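> Once you've had a glance at the structure underneath, I'll fire off some questions.
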Amino acid sequence: MKILLVHNNYGKYSGEEAVVDKMASMLTEHGHEVAFYRRTTEGLRDSAVGKIEGFLLGIYSPSGVRGMREALHRERPDVVNVHNLYPFISPAALFECKKAGVPVVMTVHNFRLICPTGLFMRNGMPCETCLERGNEWSCVRYNCEHSRLKSLGYTLRNVYARWTGAYRKNVDAYACITEFQRQKLIAAGYDEKKILVIPNSIDAPESYMPITGDYVAYIGRLSYEKGYDLLVEVARRNPAIQFRFAGAMRGQSNKEIPENVQFVGYLQKEALTDFICQSRFVVMPSRCYEGFPMAILEAACYGKPTIGPAHGGFTEIIGEGESSVGRLFIPNSLEDLERQIVSLWQDPEEIARLGQLAFDKLHREYSSEVIYKKWNRLFQELVCQK
């Protein structure tokens, strides 16, 4: 089977790019032929012309539509797997798939189908106003992107896609990465029969060497919506505990950093593996719902549990009650976050127990082989239907 992967890369390498690359390797390893239609946003924010171009093409991109048409003609795929279309491909390109009679499955990485920013967040708190009102204009009203031009552009591209039915008319299946996400699409009026859950995957090791670790680890972009500043404040309150942050800084921070906090920058491959292994556990204090935080799976590979907020997909991946493979804290609550961190830090046996449960769940639900079978079943069904 031949699968065409469609993705507009972001300005910097992100989790979505990693998922697309992982998808390609997973399919290739199982004997499928993979082709790409990719464009990139890299350098777009560097000039006013680039910003205006992104504004306009996100609504309708003639070159994106043409590029999709050419890719379909050149590659003759059996299935198209769409990831991100903004800004240089645009949802209008999906009509070309319909014309060519090629089934489309969309990997739903975030909430952008029903929220212009894709985050379901405003002023640091979850916001579902656009879902509740059935339109996207609140993004302009509340200036959710903190830029009038950007908020308007994001709104208009969602409005255009909704008015033209670009997604509803042309996408045959929506592969959500969490049940939480699936329920939001259903609430927005998307066809329940077309929506299923296929989580992100990871190549899980056969075993791991238990290491106690001597610091609390954070993995991810250092930006406000990720809540890293909450973790810095917990560090300030607990000088006896070491905290290390792995990730790229978004913007500049004038916040005074306590001595027990160390920023190690963006890490990959062996450096990231070593960073996780030497930690005691991982904390993700996100203010927003997130999509599917891969850091939880990366930590589980080495028997490290994760502390995360009790909202969005975190409640599914980390879990609650006896089946929990980590700890949940009250979202945006500095006090509860601190309580969970300090109590877990002082309980090595509980860390080891949760770490083993996380490793077992990883193999059971998120290993590449388990997820591949779900994707292959879906592809086969779509091709048979066509």
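> Give, to the nearest whole percent, the P(r) tail of the range 249-386 beyond 17 angstrom, counting all Cα pairs. Write out the running numbers ahead of the final one.
Details: 6273 of 9453 pairs.
That fraction is 66 percent.
> Just to be sure I understand the model, the point goes 7 Å from the Cα along the line to the Cβ. What's the resulting S333 to E369 distance in nm?
Computed distance between label sites S333 and E369 equals 4.1 nm.
> Also, I was wondering about something else. Could you look at the range 174-250 and say what percent of its accessible area is carbon and sulfur, using a 1.4 Å probe and all protein chains?
Answer for the range 174-250: carbon and sulfur cover 50 percent of the accessible area.
> What number results when the radius of gyration of the chain, computed over Cα atoms, is divided by 2.2 N^0.38 Å?
Relative to the 2.2 N^0.38 Å estimate, the chain comes out at 0.99.
> In Å, the Kirkwood hydrodynamic radius of the range 1-138 over pairs of distinct alpha carbons? Mind dumping the intermediate values first?
Working: mean 1/r = 0.0622 Å⁻¹.
Kirkwood radius, the range 1-138: 16.1 Å.
> So, one more: Does a label point 7 Å from the Cα of R76, set along Cα-to-beta-carbon, have any residues of the range 1-44 with amide nitrogen under 12 Å, and which are they?
Counting only backbone N, you get 2.
> Another question, if that's okay. Structure shown: which of K169/K386; K2/K169; K22/K193; K98/K184; K184/K373; K98/K194 lie over 21 Å apart, alpha-carbon to alpha-carbon?
Over 21 Å apart, Cα to Cα: K2/K169; K22/K193; K98/K184; K184/K373.
> Over all directions, what mean area does the Cα convex hull of the range 337-376 project, stated in square nanometres?
Projected over every direction and averaged, the Cα hull of the range 337-376 covers 3.6 nm².
> Another question about this same structure. Return the FRET efficiency for the residue pair R133, M209: r is the Cβ-Cβ distance, R0 is 35 Å, and the value is rounded to the nearest 0.05.
0.10
> Rg over Rh of the range 197-254, using C-alpha atoms and the Kirkwood radius, what does it come to?
1.07
> Kirkwood-based Rg over Rh for the range 214-303 (C-alpha set), two decimals? Intermediate results must be reported in sequence, preceding the final value.
Numbers: Rg = 12.4 Å, Rh = 13.3 Å.
Radius of gyration relative to Kirkwood radius: 0.93.
> Sticking with this structure for a sec: Arrange the peptides 240-248, 68-76, 377-385 so that the one whose residues have, on average, the most other Cβ atoms within 10 Å appears first.
The peptides rank, most packed first, as 240-248, 68-76, 377-385.
> Let me ask something else about it. How large is Rg over Rh for the range 73-170, taking Rg from the Cα atoms and Rh as the Kirkwood inverse mean of 1/r across Cα pairs? Please report the intermediate quantities before stating the final value.
Working: Rg = 14.7 Å, Rh = 14.4 Å.
Using only Cα positions, Rg/Rh for the range 73-170 is 1.02.
> Report the FRET efficiency, 1/(1 + (r/R0)^6), for S147 and S323, where r is their Cβ-Cβ distance and R0 is 45 Å, rounded to 0.05. Please list the in-between numbers first.
Working: r = 42 Å, r/R0 = 0.93.
So, using R0 = 45 Å, E works out to roughly 0.60.
The values are calculated or read from the model by the stated rules, or taken from the named source; none is laboratory data. Nothing here was measured: the structure is a model prediction, and the numbers come from that model. Counting neighbours? That spans all protein chains shown, and the Cβs are built from the backbone with ideal geometry, glycine included. In case anyone asks, the SASA skips ligands and DNA or RNA and just uses the protein heavy atoms, side chains included. Shrake-Rupley method; radii C 1.70, N 1.55, O 1.52, S 1.80 Å.
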